[in-house]
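The values are calculated or read from the model by the stated rules, or taken from the named source; none is laboratory data. As the structure is a computational prediction, the values presented were derived from the model and not from experiment. Ideal geometry is used to build each Cβ from the backbone, glycine not excepted, and the neighbour counts take in all protein chains shown. SASA here: full protein model, heavy atoms, side chains in, ligands and nucleic acids out. Shrake-Rupley method; radii C 1.70, N 1.55, O 1.52, S 1.80 Å.
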Amino acid sequence: MSAPTLTEQDELFIALGKIVAAWGALEATTKVAAGALGAFPNVRVAWTAFDRTPMSAVVRVARTLAASADMDEALRARYDDLLSRIGGSLLDRRNRAIHDMWLFPGESPLTGDTTPLTHFTRVQITTGKRFALDHLEVTPASLIETGKAIYDAESELIELMNEYSATKGKREQQL
């Protein structure tokens, strides 16, 4: 039996799924990091404390706690840089992929033009003084890169938490 052939639309859905899975892992790890920086006794307490808290708020709390945690300046700077990326560009990339509307090849571009699209298009709907549709051509490969960047950030955060834990233990022994 041969393996099923994936269509480009299947690949897009798989890439979006990778972003969802990667973000879930990053969100959980960020909550644990905020908890560890805030001296919560265990993972369960951290998850409970931040249950249903928007990721932007969890990142703000983690950045505030990292800024006042007992750690060396180099580690603090790495925490701040990573948490800034998580709460900034990565959150934006994830939100754009998950919350914007998707149009597929062959569909109408929703602009009044009846020429069918020839590529996947992410449509960002802007509201305010005027309603606008911003079309952006997207490939499954670009979405896979977003998922990879999110997974990489989670790995980096785990590494920082391990370094903090190791140095925190040494500092406590010195007291």
C-alpha long axis of helix 73-85 to longest principal axis of the chain, angle in ° = 20
ask   = Can you give the calculated 222 nm mean residue ellipticity of the chain, where each DSSP H run of n ≥ 4 adds -39,500 (n - 2.57) and the sum is split over every residue, rounded to the nearest 500 deg cm²/dmol?
value = -21000 deg cm²/dmol
ask   = Where does each of 82-89, 115-122 land if you order them by average Cβ count within 10 Å, highest first?
value = 82-89, 115-122
task = Report in % the part of the accessible area of the chain that belongs to carbon and sulfur, leaving out ligands and nucleic acids; probe 1.4 Å.
result = 55
remark   = In order over region 16-25: 3J(HN,Hα) from phi, Karplus 6.51/-1.76/1.60, θ = phi - 60°, whole Hz, x for each Gly or Pro, gives 5, x, 5, 5, 4, 5, 5, 5, x, 5
request  = Take every Cα-Cα distance within the chain, group them into 5 Å bins from 0 onward, and report for each bin the whole-number percent of pairs it holds.
outcome  = 1, 8, 14, 16, 14, 12, 10, 8, 7, 4, 3, 1, 0, 0, 0
query = Extension gain T115-I98, at 0.36 nm per residue separation less the Cα-Cα distance, in nm?
reply = 3.5 nm
remark   = With 0.36 nm assigned to each residue of separation and the Cα-Cα distance removed, T5 to K168 gains 53.5 nm
ask   = What does the accessible area per residue of the chain come to in Å², with a 1.4 Å probe and no ligands, DNA or RNA counted?
value = 59
inquiry  = What do you get for the angle between helix 140-174 and the principal long axis of the chain? Use alpha-carbon atoms, 0 to 90 degrees, nearest ten.
reply    = 0
ask   = How would you rank 136-143, 101-108, highest first, on the average number of other Cβ atoms within 10 Å across their residues?
value = 136-143, 101-108
